[in-house]
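Report on one structure; see the data block that follows.
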Ligand code: AMP
């Protein structure tokens, strides 16, 4: 027997219409390309998104068409986030930090019909125009007519100014309702190997994810929150905040392209931001600026860090010096992206300050709606004892089942689980902790060593700014850890003193065989350590070792 409740489909547009109707004055602040401040409300955003649908229709975009964006976090980007899916097209966010060849590949693979491009990426789009001319029919620069850059595209590609098109469009569009499983957005994973692969979200998955991340034990978004996502809208949907902020009526502060410590501190204080999210690199930049300038944070209560492991130093420094709580979450493109969040249970109430930092290194508990497990090499489930580590698998309504263009279900195992490629422990309270990417774990004499654990300890050394531990081939042990460290500006690192800080923290056989001091480390386009490059460079450094 079916229930007798109204069968309303979960529509992304309904998040925006809710914000416009019930939080009409809720503020959206954007730092523009010219470093000025643009302000408007959820009601304005909804009205302009309707106009943008008319613009898209005028450009020939129809249902199922892909609309690409190459843009920083800003209000025009937000309008595309809602207008494209609202008319049953697909908002395809593209990471401008990728190699231009990868960007051209992604645009062609996705078959983007129209591209919305920030002024800063004008040279990039001109450079790749000949490679994407078969799919892209129009490029819309996200600026007004006066700030249109000088550009030469490929023959046949039209060029427009966003504001000129919007100003001429009618706002008579009425948001339609359709199957909630309809595709809404597309984002390519920027893996460290192979070609990027597309993850295709739906109205249903995106709406459920927005409800889940807004909850108190996750991002805790409220109408009184002023949230600043530093995490980019061009990758992993800015962790879903553009949708969840509308759902909760939170004020939204979009930082544009200036993400250095000084710009961040100014924006956080000027706009009375209470909560902000981003990767550790951004928080290190902010911390360094605050320490050097003596500036304080006046309104920020919580900083969420994710995308790579939370360094203990960051958690400690913000808590002890600035009275700001650093919270830790984990996710991936394939999960829309948030999967776990570290919010305390009653058992964590009595932790000492040092224990609390150690606990916050865990990536956290699974969001309700999803499930997770860890398995050994033979696929057998491992215990939740906080010690056993194995491949992390997840499932749920906002986890992908196949990459764009592949058969539904092709990314899953026979029981419907998605293998994340991460290696993790889960403790008896259900807190998951990533110990590695499966391809980065060090297999020494048949036992596994966690590279992330070794890196976290290395960066607690006062002279170390950044650390990478990689598996290096070894004639006797198969693989052994090599530690590379980057000194803090103005410091020198003594390799022996780095090894000494491991005393009592890990088993002796986990100790890196060698510590190399390097000027910098390579990163992927999403800021993660590029360990493949390090492995190919240092892969034979232990070739002549016998012990
Ligand atoms: P992406 O799809 O680009 O967001 O990358 C997802 C991957 O980033 C995950 O599979 C993890 O390997 C890594 N990652 C994300 N969040 C964290 C975190 N909090 N700690 C450690 N690794 C993380």
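Data table
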read-out	value
Answer residue from segment 252-283, given it is in a helix (DSSP H, G or I) and surrounded by fewer than 19 Cβ atoms within 10 Å (Cβ to Cβ) and is modelled with the lowest pLDDT among those	281
Complete set of residues in segment 352-366 that are touching a helix residue (DSSP H, G or I) at 6+ places or on another chain (Cβ under 8 Å) and closer than 19 Å to residue 428 by Cβ	356, 358, 359, 360, 361
Answer from 330, 239 - the residue that is outside any strand (DSSP E or B), within 10 Å of the ligand (Cβ to nearest atom), crowded, with 20+ Cβ neighbours inside 10 Å and at pLDDT 95 or above	239
Residue in segment 214-235 that is modelled with pLDDT of 95 or more, more than 23 Å from residue 528 (Cα to Cα), touching a helix residue (DSSP H, G or I) at 6+ places or on another chain (Cβ under 7 Å) and in a helix (DSSP H, G or I) present	yes
Enumeration of residues in segment 525-542 that are part of a loop (DSSP other than H, G, I, E, B) and within 11 Å of the ligand (Cβ to nearest atom)	525, 526, 527, 528
Qualifying residue in segment 163-185 (condition: modelled with pLDDT of 95 or more, closer than 28 Å to residue 131 by Cβ and within 16 Å of the ligand (Cβ to nearest atom))	yes
Among the residues listed as 34, 46, the single one being buried (at least 21 other Cβ atoms within 10 Å of the Cβ), within 30 Å of residue 270 (Cβ to Cβ) and more than 24 Å from the chain's Cα centre (by Cα)	46
Residue list for segment 522-547, filter: within 27 Å of residue 489 (Cβ to Cβ) and free of Cβ contacts under 8 Å to residues at least 60 places away in the same chain	522, 523, 533, 537
Qualifying residue in segment 439-454 (condition: within 15 Å of the ligand (Cβ to nearest atom), in a strand (DSSP E or B) and modelled with pLDDT under 95)	no
Residue 362 vs. criteria outside any helix (DSSP H, G or I) and more than 10 Å from the ligand (Cβ to nearest atom)	no
Residue in segment 226-236 that is outside the structural domain of residue 82 (by TED's automatic domain parsing), under 15 Å from the mean Cα position of the chain (by Cα), touching a residue at least 60 places away in the same chain (Cβ under 8 Å) and on the phi > 0 side of the Ramachandran plot present	yes
Residue within segment 45-58 that is in contact with a helix residue (DSSP H, G or I) (Cβ under 6 Å, 6 or more places away or on another chain), farther than 23 Å from residue 185 by Cβ and in the same structural domain as residue 113 (by TED's automatic domain parsing) present	no
Meets criteria (closer than 18 Å to residue 308 by Cα and either modelled with pLDDT of 90 or more or touching a helix residue (DSSP H, G or I) at 6+ places or on another chain (Cβ under 8 Å) (or both)) for residue 429	no
Residue 519 being within 29 Å of residue 234 (Cβ to Cβ), away from the ligand (no atom under 16 Å from the Cβ) and touching a residue at least 12 places away in the same chain (Cβ under 8 Å)	yes
Residue selected from segment 409-431 under the condition under 28 Å from residue 533 (Cα atoms) and buried (at least 19 other Cβ atoms within 10 Å of the Cβ), by the criterion farthest from the ligand (Cβ to nearest atom)	425
Residue that is farthest from the ligand (Cβ to nearest atom), among those in segment 333-355 that are within 20 Å of residue 398 (Cα to Cα) and assigned to a loop (DSSP other than H, G, I, E, B)	336
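The values are calculated or read from the model by the stated rules, or taken from the named source; none is laboratory data. Values in this document were obtained by computation on a predicted structure and should not be read as measured data. Counting neighbours? That spans all protein chains shown, and the Cβs are built from the backbone with ideal geometry, glycine included.
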